[in-house]
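Heads up, the thing below is written out as structure tokens.
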Amino acid sequence: MSALPVVTRIAWLLVAALLSVVVALLGFMLKRSSGVTRPNAAVVAGAAFAGCLMLCLTLMDAAAGS
């Protein structure tokens, strides 16, 4: 990813963060609809956010290496 301009890298990082937020919100809503308390659903949402962001960053790093 180092070959890309800084503005492009920042844009892709923002896209990855937004996608992770959407996944976290979906995870929160799905957990809440199953009857789990808000704090427990927030833990699930945090794990979903972290997992999705790590996956996105890994994929971007792998794509930049090829």
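The values are calculated or read from the model by the stated rules, or taken from the named source; none is laboratory data. As the structure is a prediction and not an experimental result, all values here were calculated from the model. Note that each Cβ is placed from the backbone with ideal geometry, even for glycine, and that neighbours are counted across all protein chains shown. Note: areas computed on protein heavy atoms with side chains; ligands, DNA, RNA excluded. Shrake-Rupley method; radii C 1.70, N 1.55, O 1.52, S 1.80 Å.
Values computed for the structure shown
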{"read-out": "Helix 38-65 axis, angle to the chain major axis (alpha carbon atoms, nearest 10°)", "value": "20"}
{"read-out": "Residue-level accessible surface for L19, protein heavy atoms, 1.4 Å, Å²", "value": "90"}
{"read-out": "Folded to 0 to 90 degrees: helix 6-33 orientation relative to the chain principal axis, Cα", "value": "10"}
{"read-out": "19 Å cut-off, amide nitrogen to a point 7 angstrom out along L14 Cα→Cβ, residues in region 28-66", "value": "53, 56-57, 60"}
{"read-out": "Contact order normalised by residue count of the chain, Cα under 8 Å, 6+ apart, percent", "value": "44"}
{"read-out": "Rounded percent of accessible protein surface that carbon and sulfur make up, the chain, 1.4 Å probe", "value": "77"}
